[in-house]
Amino acid sequence: MRKLFRKIKHRRFIESHIAEMRWESLNVMLMASATQWNDDVVTLLNNNALLIRKYERRRRWLRF
């Protein structure tokens, strides 16, 4: 039973982390489109996208 609760808590953490990174990416895109796109912004968005993919894969594994 303890493992199940731990798994549920971890899944909630992963889902909240994914949502937070998506909002952060959206905010960065809006700020960059209002001001200026540069290499740092592109790198940040690319890194966020890779992390989102990583955590989505992890979330898929947690279903089982």
Q | Test result for ARG53, more than 9 Å from the chain's Cα centre (by Cα) and of a type in the set (Lys, Arg) | A | no
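So that you can scan it fast, the table gives a plain yes or no per residue for (1) at pLDDT 95 or above; (2) surrounded by 11 or more Cβ atoms within 10 Å (Cβ to Cβ):
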| position | (1), (2) |
| --- | --- |
| MET1 | no, no |
| PHE5 | no, no |
| ILE8 | no, yes |
| ARG11 | no, yes |
| ILE14 | no, yes |
| TRP23 | yes, no |
| ASN38 | no, no |
Q. Which residue pairs have Cβ atoms under 9 Å apart, sit 6 or more places apart or on different chains, and have a first residue in the range 47-58 that is without any contact (Cβ under 8 Å) to a residue 60 or more places away in the chain and a second that is surrounded by 13 or more Cβ atoms within 10 Å (Cβ to Cβ) and among the acidic types (Asp, Glu)?
A. ASN48/GLU24; TYR55/GLU15
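The values are calculated or read from the model by the stated rules, or taken from the named source; none is laboratory data. Worth saying up front: this structure is predicted, and the values here are computed from it rather than measured. Here Cβ is always computed from backbone atoms with ideal geometry, including for glycine, and neighbour counts include all displayed protein chains.
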